[in-house]
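*Asks:* Below is one structure. I have some questions about it.
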Amino acid sequence: MNSPVVLKIELPNVPDIELVAVEGLGRLARHLGIPEEKIGEARILVTEAIINAFEHAGGGSASPVVVEFTMTPSDLVIFVRDFGKGFDPSSVENPQLAEKLKGGGKRGWGLKLMESMSDDFRIDSAPDGTRITIRKMLR
């Protein structure tokens, strides 16, 4: 089976809703025979992207996040879109380990984590929202 399987979900802003997307991702991956190690890595990417979308979009509780997975046995594309205010991706500073460890805030690793775990990572942001596209090789 080489034709892609696609799952598209519109998530409302409710606690732990990212688990719905992660469960769908896992079911698709098991259906295609993806190794458990790669499924785990993909779950981290999806969870982080969705949490960031809700946390930083600024669209309020009524603003959904759209998640789309396109998966083959060898390749996964994760697309996450929010409808918030957008931001300038070039203005996001890389987290500094020493500063994070001595300070009270341990947050701020999301984009760097997603980028480091991805085979391709793109952010497109504008005043009508942000789109993150992640490609992960599964074999």
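*Asks:* If I model a spin label at Lys38 and Val6 as a point 7 Å from the Cα along the Cα→Cβ vector, what separation in nanometres do I get?
*Replies:* 2.1 nm
*Asks:* Right, something else. Tell me which aspartates and glutamates have Cα within less than 14 Å of Lys85's Cα, excluding those fewer than 8 residues away on the same chain?
*Replies:* Candidates past the 8-residue exclusion: Glu55, Asp124, Asp128.
*Asks:* With label points built 7 Å along Cα→Cβ from the Cα atoms of Phe79 and Thr47, find their separation and express it in nm.
*Replies:* Computed distance between label sites Phe79 and Thr47 equals 2.5 nm.
*Asks:* Take the Cα atoms of region 5-137, build their convex hull, and give its volume per residue in Å³.
*Replies:* Residue-normalised Cα hull volume stands at 110 Å³.
No value in this document is a laboratory result; all are computed from the given coordinates. For clarity, every value in this text was computed on a predicted model and none was experimentally measured. Every residue, glycine as well, gets a Cβ built from its backbone with ideal geometry; the counts of neighbours run over all protein chains shown.
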